[in-house]
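Heads up: the structure comes next, in structure tokens.
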Amino acid sequence: MRKHEVVVVGAGLAGQRAALAAVEAGCDVAIVSKLHPLRSHSGAAQGGINAAVGAEDSVDTHTYDTVKGSDYLGDQDAIEFFCRAAGPTVVEMEHFGTIFSRAPDGSLARRAFGGAGFPRTIYAADRTGLALLQGLWERLGTERFTLYEEWELTRVVARDGRVQGVIALDRRRGEFEGIAAKAVVLATGPAGRIYGRTTNAHSCTGDGLAAAYAAGAFLKDMEFVQFHPTALLESGILITEGARGEGGYLRNATGDRFMSKYAPHVLELASRDVVSRAIVTEVSEGRGFPGPYGGYVHLELMHLGREKVESRLQEICDYCRHFAGIDPVTEAIPVYPAQHYMMGGIGTNIHGATNVAGLFAAGEAACVSIHGANRLGGNSLLETLVFGKEAGIAAAAAARSASAPELGTAEVEAATAPFRSWSSRSDGEDPSLLRTEMQQTMDRYVGIYRTENDLLEGLKRIRALQKRFERVRVVDRAKVYNLNLTDAIETGHMLDLAEVIVVGAYARLESRGAHWRVDYPKRDDAHWMRHTLAQRGPEGPTLSYAGVAYTRWEPKERVY
């Protein structure tokens, strides 16, 4: 049996930062990753990382913007901790080798992002996530830990309320193995592939969230799903908020710069939920451009000039030219919202600890909660680093005081028997078809605008798919890189999470941030200023609620 003191699952920014902190604390650390670390989804983050680093800005302003952006559902003590750590974190990452873009005077260049009262988003052109990932990977150094690359998480093993380790599938050998650990950090990133139209990579299947849920951890605020306003129409590829931060305009088919109706003070730089709803409203009311993939609006960069567009939005230029046949220097970009981020996740405190002893989480897989009902652009990269570090420090401390974990071969065999049985069936359900039907259901019934009838229908369909999944069949008998098997494992994870999202959305009888109930169009602070906690029960998710932490800012109407 493989054994380590701390096992980090996920090798993006949150996972690497957690591993670095645990290594520096003197622990024997392993990283389990389904991808090579530099292919992690953190590298897809384009626009930048927020920090109040100039004399004109302040930590208090960053904190207030984040509280307001969360539609007052963010825990203010956690947000204050987060924003205070922002400046030192950016400086640390620069010292680790991240090459940020510079202003003419040599200072860190900053751009405006939606929902921010000051341009505080520091960037590396439009490849900020990749720049941070490369700098952190070099700092971590492969000789300082054990890497299990292309291993798929299947289970977190917990006994008597304490973590004992994880079980994962080594894709290269086709073998399930247990890795015993005194502490486990889940940093597996998003679960966006629950939806069909998403900016997330195909690897973003919520493995850590589903494993934590199965192990008894709370999932928090899962009904809050962020849709990014500007994704390429056909492919769903992200067009960074930095494009609007650099001065891009949104226009409808009548030529109107329509955000003046929805956010007259900040226009295209309103928060993401506001801009997404505005685009959907323009299209649904007949003012969008018609197309074979549905209605859309235009994002215009032409007025910015070739030098600015090609120097500051290099990756966007490449995406538009290669995937849409459009040159954004001279042509408008067709865009429509796509699922982008999960505000919810594994419930943790600011040190990454969950309700299961020895289990920690960080990054998009976790919910601290700093984003509340809506995340501001530029805060997610910062979140991975701030709370990845905290989770790594806390996991190392927990490992030093924990007794030896107990994870035996018989336990691994019993836990993985259902997966092996999928290959023995002569007939059954195709996991790829179940996944497609799940994605279509979530797109149709659990999108930007929600109603009771739609959510009930969505829940009915998701539970029918879960029932069908009990008869899932893996046709491919190969052991090496059996993608049919990994597809089935991931589909099971996503069906569990989809149910939690729909149940939470159906129960929350208000509109707040990214959760917009057409039948309950007002925010209801008297009844719903609280976090949703979902724990796995015999009949599905069991919901409970927890209060929101306040420090200085009382809730008020959120306008831009």
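The values are calculated or read from the model by the stated rules, or taken from the named source; none is laboratory data. As the structure is a computational prediction, the values presented were derived from the model and not from experiment. Positions of Cβ are backbone-derived with ideal geometry, glycine not excepted, and every protein chain shown enters the neighbour counts. Quick note on the areas: whole protein, heavy atoms, side chains included, nothing else; ligands and nucleic acids left out. Shrake-Rupley method; radii C 1.70, N 1.55, O 1.52, S 1.80 Å.
Given the rule -39500 (n - 2.57) for each run of at least 4 DSSP H residues, summed and divided by the residues of the chain, what is its mean residue ellipticity at 222 nm, to the nearest 500 deg cm²/dmol? Walk me through the numbers before you get to the answer.
On the way: 17 runs with 199 residues, N = 560.
That comes out to -11000 deg cm²/dmol.
Find out how many positive minus negative residues lie around I350, taking Lys and Arg as positive, Asp and Glu as negative, among other residues whose Cβ is under 13 Å from that of I350. Present the calculation step by step, with values, prior to reporting the outcome.
Numbers: positive: R84, K389; negative: D75, D77, E80, E383, E390.
Neighbour charge sum, excluding I350 itself: -3.
Grab every C-alpha pair in the stretch 403-530, bin the distances at 5 angstrom width from 0 up to the longest one, and report whole percents.
Distribution as computed: 2, 10, 17, 15, 13, 11, 10, 9, 7, 4, 1, 0 percent.
Karplus couplings for the stretch 19-29 from phi (6.51 cos²θ - 1.76 cosθ + 1.60, θ = phi - 60°), rounded to Hz, Gly and Pro as x?
5, 4, 5, 5, 4, 5, 7, x, 8, 7, 10
How much area per residue is accessible in the chain when the probe is 1.4 Å and only protein heavy atoms are counted (Å²)?
Result: 36 Å² per residue.
Return the long-range amide H neighbours of F224 (sequence gap of 5 or more, or a different chain), with a cut-off of under 5 Å between placed amide H atoms.
G344
Taking θ as phi - 60°, what are the ³J(HN,Hα) couplings along the stretch 520-530 by the Karplus curve (6.51, -1.76, 1.60), each to the nearest whole Hz, with x for Gly and Pro?
9, x, 10, 6, 10, 5, 5, 10, 10, 7, 7
Based on the mean of other Cβ atoms within 10 Å per residue, sort peptides 192-204, 209-221 so the most packed one is first. Numbers along the way, then the final one.
On the way: 192-204: 22.5, 209-221: 24.7.
Ranking the peptides 192-204, 209-221 by packing returns 209-221, 192-204.
Taking θ = phi - 60°, what integer Hz values does the Karplus form 6.51 cos²θ - 1.76 cosθ + 1.60 yield along the stretch 139-155, in sequence order, with x for Gly and Pro?
5, 5, x, 5, 7, 9, 7, 9, 10, 9, 8, 6, 10, 9, 5, 10, 8
Amide H to amide H, which residues 5 or more places from I326 or on other chains are under 5 Å from it, using H placed in the peptide plane?
R321
With axes computed from alpha carbons, what is the tilt in degrees of helix 452-469 against the longest principal axis of the chain, rounded to the nearest 10 within 0 to 90?
Compared with the principal axis, the helix lies near 30 degrees.
Based on alpha-carbon centroids, what's the gap between the stretch 210-259 and the stretch 26-82 in Å, whole number please?
Cα centres, the stretch 210-259 to the stretch 26-82: 17 Å.
Could you pull out the pairs from K34/K68; K34/K479; K220/K261; K220/K522; K3/K467; K34/K467 whose alpha carbons sit more than 25 Å apart here?
Numbers: K34/K68 36 Å; K34/K479 16 Å; K220/K261 33 Å; K220/K522 22 Å; K3/K467 36 Å; K34/K467 27 Å.
Checking Cα-Cα distances, K34/K68; K220/K261; K3/K467; K34/K467 exceed 25 Å.
Tell me, what % of the accessible area of the chain is carbon and sulfur with a 1.4 angstrom probe? Don't skip to the end; give the middle numbers.
Details: 10210 of 20070 Å².
Result for the chain: 51 percent of the exposed heavy-atom area is carbon or sulfur.
Treat the stretch 487-526 as a sphere of radius equal to its Kirkwood radius over Cα pairs and apply Stokes-Einstein at 25 °C in a medium of 0.890 mPa s; give the translational diffusion coefficient in µm²/s, rounded to a whole number. Don't skip to the end; give the middle numbers.
Values: Rh = 11.5 Å.
Roughly 213 µm²/s, to the nearest whole number.
Tell me whether the stretch 49-145 comes out rounded, prolate or oblate; compute the Cα gyration tensor, take square roots of the eigenvalues as a ≥ b ≥ c, and use a/c under 1.5 as the rounded threshold.
Details: a/c = 2.19, a/b = 1.41, b/c = 1.55.
Oblate shape, in that a/c is at least 1.5 and b/c is the bigger or equal ratio.
Show me 292-303, 82-93 ranked by packing, highest mean number of other Cβ atoms within 10 Å first. Kindly include the intermediate steps, with their values, before the conclusion.
Values: 292-303: 18.1, 82-93: 20.2.
Taking the mean over residues of other Cβ atoms within 10 Å, the ranking is 82-93, 292-303.
DSSP beta bridges in the chain, what fraction antiparallel, as a percent rounded to 5? Before the final figure, lay out each step's value.
Details: 48 of 73 bridges.
Of all bridge pairs located within the chain, approximately 65 percent are antiparallel.
Please state, to two decimals, what the Cα-based radius of gyration of the chain comes to when divided by 2.2 N^0.38 Å (N = residues). Please list the in-between numbers first.
Numbers: Rg = 22.4 Å, N = 560, 2.2 N^0.38 = 24.4 Å.
For the chain, the normalised Cα radius of gyration is 0.92.
For T154, which sequence-distant residues (separation of 5 or more, or a different chain) have an amide H within less than 5 Å of its own amide H, given hydrogens modelled in the peptide plane?
Here I167, A168, L169 satisfy the definition.
Using mean Cβ contacts within 10 Å as the protection proxy, how do 230-241, 461-472 order, highest first? List each step's numbers first, then the result.
Numbers: 230-241: 23.0, 461-472: 16.9.
The packing order, highest mean first, is 230-241, 461-472.
How much accessible surface does I179 have with a 1.4 Å probe, in Å² rounded to 10?
0
Can you compute the charge dipole magnitude of the stretch 1-92 about its Cα centre, using +1 on each Lys and Arg Cβ and -1 on each Asp and Glu Cβ, nothing else charged? Give it in debye, rounded to the nearest 20.
Details: 7 positive and 12 negative charges, 146 e Å.
Around 700 debye, computed over the stretch 1-92.
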